[in-house]
Amino acid sequence: MTVRASAPAKTNVVLSVGRKRADGYHGLATIFQALDLRDEVVVAQRPAGAGVQVSVSGADADAVPDDHTNLAAQATHLMAERYDISPDVQITITKAIPVAGGMAGGSADAAATLVALNALWHLHLSRDALAELGFQLGSDVPFSLHGGTMLGLGRGERLTPVLSTGVLHWVVAVCHGGLSTPSVYREFDRLTASRNCGDPSVPDAALQALRTGDVAALGGRLANDLQPAALHLMPSLAQVLSDGSDAGALGGIVSGSGPTVVFLARDREHAIDLAVLMSASGRLRRVHAVTGGALGATVESTDDD
Ligand code: ATP
């Protein structure tokens, strides 16, 4: 049997970061939004004892490990151990989500693998049970499973849906190079060491703009506490942000830990216009015009071989 699944990229409409906690993680208050830019993961049964094999193709595939460190392989081992199943599967990943780009690409692959194995192994687990497993693999995996638009607290795993009117149109500017999430958090700690960081919180004005579908107001409310750290580590991002603003975006922000930058557009036409203008700068690796509020990890099809 073969199961084909997909999972979305995410961005953070607002990302408020607290001080480093005793467990080494940072407390967050964030509004996640899933974007319609999806990785595909196909899992297929292999003969008993054959183990896990990973292959990766698509955008920037050479930057993704194809061994046991791949998050999809880790998800397989975790689920197999928990449910006492021999992990004999071929995992074929087709990347569309930028790698090390602040868009939770690895988490998306882990989430897609969990839903695919849930079907392949007939486990009938709920999305919440999958999210509990997924959280052991990474803070963003629960959101990759749920998708949509969600308020995330804790490390981002305590999720509640956010009411959002209409569809947001984003331009995703994929920059050259990657940023490792731990190094961006280290830089955040350094930059904020002498400051009194309050508890992380999401401003009401951003939630209100989402609720009413006031996209212009939302553009002015995009916020990311990790952006100064990402800009410090990759100063060229400042030019990308100003290119988007000059091109007429309603707002622009580094996505999560970066370096991908996302811009909010008025509507689909505006997003396409912005994407064309941004591509013309020649500074970017790729540009996508996408919609927000995408479905979380989903089984697309199953085939009995
Ligand atoms: P974060 O979720 O921390 O914001 P990110 O979106 O910035 O992460 P990812 O694309 O998840 O970054 O990649 C981070 C690192 O994880 C990569 O450099 C890569 O070595 C490793 N990795 C492991 N598995 C995968 C995978 N399936 N897809 C992408 N990267 C993976």
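The values are calculated or read from the model by the stated rules, or taken from the named source; none is laboratory data. Owing to the predicted nature of the structure, the values given are computational and were not obtained by experimental measurement. So basically every Cβ, Gly included, is an ideal-geometry build from the backbone, and we count neighbours across all protein chains shown.
Which one of these is out of contact with any helix residue (DSSP H, G or I) (no Cβ under 8 Å at 6 or more places or on another chain) and either closer than 20 Å to Asp66 by Cα or modelled with pLDDT of 95 or more (or both): Val184, Val89, Val167, Val141? Can you show your working first?
Values: Val184 fails: out of contact with any helix residue (DSSP H, G or I) (no Cβ under 8 Å at 6 or more places or on another chain); Val89 fails: out of contact with any helix residue (DSSP H, G or I) (no Cβ under 8 Å at 6 or more places or on another chain); Val141 fails: out of contact with any helix residue (DSSP H, G or I) (no Cβ under 8 Å at 6 or more places or on another chain).
Going through Val184, Val89, Val167, Val141 in turn, the sole match is Val167.
Residues being surrounded by 19 or more Cβ atoms within 10 Å (Cβ to Cβ), within 25 Å of Gly244 (Cα to Cα) and among the aliphatic types (A, V, I, L, M): count how many of those fall in region 157-169.
The initial filter retains those residues of region 157-169 that are surrounded by 19 or more Cβ atoms within 10 Å (Cβ to Cβ), namely 159, 162, 164, 168-169.
Imposing the further condition that a residue be within 25 Å of Gly244 (Cα to Cα) reduces the set to 164, 168-169.
Pick out the ones that are also among the aliphatic types (A, V, I, L, M) and you get 168.
Within region 157-169, residues that are surrounded by 19 or more Cβ atoms within 10 Å (Cβ to Cβ), within 25 Å of Gly244 (Cα to Cα) and among the aliphatic types (A, V, I, L, M) number 1.
On the basis of being in a helix (DSSP H, G or I) and touching a strand residue (DSSP E or B) at 6+ places or on another chain (Cβ under 6 Å), does Leu241 make the cut?
Working: in a helix (DSSP H, G or I): yes; touching a strand residue (DSSP E or B) at 6+ places or on another chain (Cβ under 6 Å): yes.
Answer is yes for this residue.
In region 273-288, is there at least one residue being on the phi > 0 side of the Ramachandran plot and not assigned by TED's automatic domain parsing to the domain that holds Leu151?
Yes, region 273-288 has at least one match.
Return only the number of the condition from (1) at negative phi; (2) surrounded by fewer than 18 Cβ atoms within 10 Å (Cβ to Cβ); (3) of a type outside the set (Asp, Glu); (4) not in a strand (DSSP E or B) that Thr291 does not satisfy.
The number of the failed condition is (4).
Got at least one residue in region 231-241 being in contact with an Asp or Glu (Cβ under 8 Å, 6 or more places away or on another chain) and in the same structural domain as Cys175 (by TED's automatic domain parsing)?
Yes: region 231-241 contains one or more residues that are in contact with an Asp or Glu (Cβ under 8 Å, 6 or more places away or on another chain) and in the same structural domain as Cys175 (by TED's automatic domain parsing).
Can you tell me which residue among Ser126, Ser107 is of a type outside the set (D, E, K, R) and surrounded by fewer than 19 Cβ atoms within 10 Å (Cβ to Cβ)? Let's see the steps before the verdict.
Numbers: Ser107 fails: surrounded by fewer than 19 Cβ atoms within 10 Å (Cβ to Cβ).
Criteria check complete, one pass: Ser126.
When only residues in region 170-207 that are in a helix (DSSP H, G or I) and surrounded by 21 or more Cβ atoms within 10 Å (Cβ to Cβ) count, which is nearest to the ligand (Cβ to nearest atom)? Step through it out loud before you land on a result.
Initially, region 170-207 is screened for residues in a helix (DSSP H, G or I), giving 181-192, 204-207.
When the remaining residues are screened for being surrounded by 21 or more Cβ atoms within 10 Å (Cβ to Cβ), the result is 184, 188.
On the way: Val184: 9, Phe188: 13 Å.
Taking the candidates together, the pick is Val184.
Here is a check on your reading of the model: is Gly152 closer than 22 Å to Leu264 by Cβ, assigned to a loop (DSSP other than H, G, I, E, B), in contact (Cβ under 8 Å) with a residue 60 or more places away in the chain and within 16 Å of the ligand (Cβ to nearest atom)? Spell out how you get there, then give the answer.
Working: closer than 22 Å to Leu264 by Cβ: yes; assigned to a loop (DSSP other than H, G, I, E, B): no; in contact (Cβ under 8 Å) with a residue 60 or more places away in the chain: yes; within 16 Å of the ligand (Cβ to nearest atom): yes.
When the stated conditions are applied, Gly152 does not pass them.
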